[in-house]
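Here the structure is laid out as structure tokens; the discussion comes afterwards.
The values are calculated or read from the model by the stated rules, or taken from the named source; none is laboratory data. Nothing here was measured: the structure is a model prediction, and the numbers come from that model. No Cβ is skipped: glycine too gets one built from the backbone with ideal geometry, and neighbour counts run over all protein chains shown.
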Amino acid sequence: MSMRRCAASGTTGLVDAVVRMHAEIYAEPRFGGDPYFADRSFRDRLMIGLRQPGFELLLAELAGEPAGCFYGWALPSYTRWWTPLKDTLPSGMTAETGDRTVFIQEIMVRAPWRGRGIARRMHDDFLTGRSEERALLCVQPDNEPARSAYLRWGWEWVATTRFGAQSPVFDCLVKPLR
């Protein structure tokens, strides 16, 4: 397995491949055709991510074929990410400096390559290369395989949120990096 690490400029040429991977994974019955996971919505979120400071993507490849993808970026000091949670979390938790928190937007592994440790390797490689003091990700509470893996890997639940009226509910998990 090889890992390709790309900044935003290196990811631009991979957008279509990443969207195809997302479409394959989110066509699975557990996602039930939820519009939040539609290809267009995902592409829009990815394109917004590409413009964020510290954007980075890892692409796992086996035999020249994409097997998984992992990406995120640093939350800037002016982020609105925590806005829906400001009344439920201590103020120190939601303060950002631009280099405090890396937000993990997506972790995907295609079905034929699941159970081979690819998600864990992408997770560890990505976070090892980051300078932030903590990481943040969101997972649907009923996505038991992913949620339980994150908890085993040292993530801690801090809140539950939605990213808008069309969004499913997500658990927010945080992991210290230093």
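Beta carbons closer than 9 Å, at least 6 apart along the sequence or on distinct chains, pair a first residue in the range 71-85 that is at pLDDT 95 or above with a second that is of a type in the set (Phe, Trp, Tyr) and not in a strand (DSSP E or B) for 71/55; 71/126; 72/55; 72/126; 73/55; 74/55; 75/81; 75/82. Close Cβ contacts (under 6 Å, 6 or more residues apart or on different chains) running from residues in the range 149-178 that are among the basic types (Lys, Arg) to residues that are part of a strand (DSSP E or B) comprise 162/169; 175/135. Answer with yes or no whether residue 120 is of a type in the set (Lys, Arg) and out of contact with any helix residue (DSSP H, G or I) (no Cβ under 7 Å at 6 or more places or on another chain). Criteria met by residue 120. Scan the range 77-116 residue by residue and report those that are over 21 Å from residue 31 (Cβ atoms) and in contact with an Asp or Glu (Cβ under 7 Å, 6 or more places away or on another chain). Correct list: 77, 79, 99, 100, 101, 102. Restricting to the range 59-96, name every residue that is β-branched (Val, Ile, Thr) and in contact with a Leu (Cβ under 9 Å, 6 or more places away or on another chain). Answer for the range 59-96, where residues must be β-branched (Val, Ile, Thr) and in contact with a Leu (Cβ under 9 Å, 6 or more places away or on another chain): just 94. Taking the criterion of being touching a Phe, Trp or Tyr at 6+ places or on another chain (Cβ under 7 Å) and within 19 Å of residue 130 (Cβ to Cβ), the residues of the range 72-96 that qualify are 72, 73, 75, 81.
Of the strands (runs of 3 or more DSSP E) entirely within the range 1-88, those holding at least 1 residues that are acidic (Asp, Glu) and buried (at least 16 other Cβ atoms within 10 Å of the Cβ) occupy 56-62. Do you know which residues across the range 98-127 are among the polar types (S, T, N, Q) and either buried (at least 21 other Cβ atoms within 10 Å of the Cβ) or at positive phi (or both)? Listed by number, the list holds a single entry, 101. Of all residues in the range 89-111, those that are closer than 20 Å to residue 23 by Cβ have Cβ atoms under 6 Å from Cβ atoms of residues that are modelled with pLDDT of 95 or more and among the β-branched types (Val, Ile, Thr), 6 or more apart or on another chain, in 109/118. Confirm whether residue 131 is among the small types (Gly, Ala, Ser) and at pLDDT below 95. Judged against the criteria, residue 131 is not a match.
For residue 170, the conditions (1) farther than 19 Å from residue 36 by Cβ; (2) in contact with a Phe, Trp or Tyr (Cβ under 9 Å, 6 or more places away or on another chain) are fulfilled apart from (1). If you check 147, 130 for being surrounded by 14 or more Cβ atoms within 10 Å (Cβ to Cβ), basic (Lys, Arg) and within 16 Å of residue 101 (Cα to Cα), only one passes: 130.
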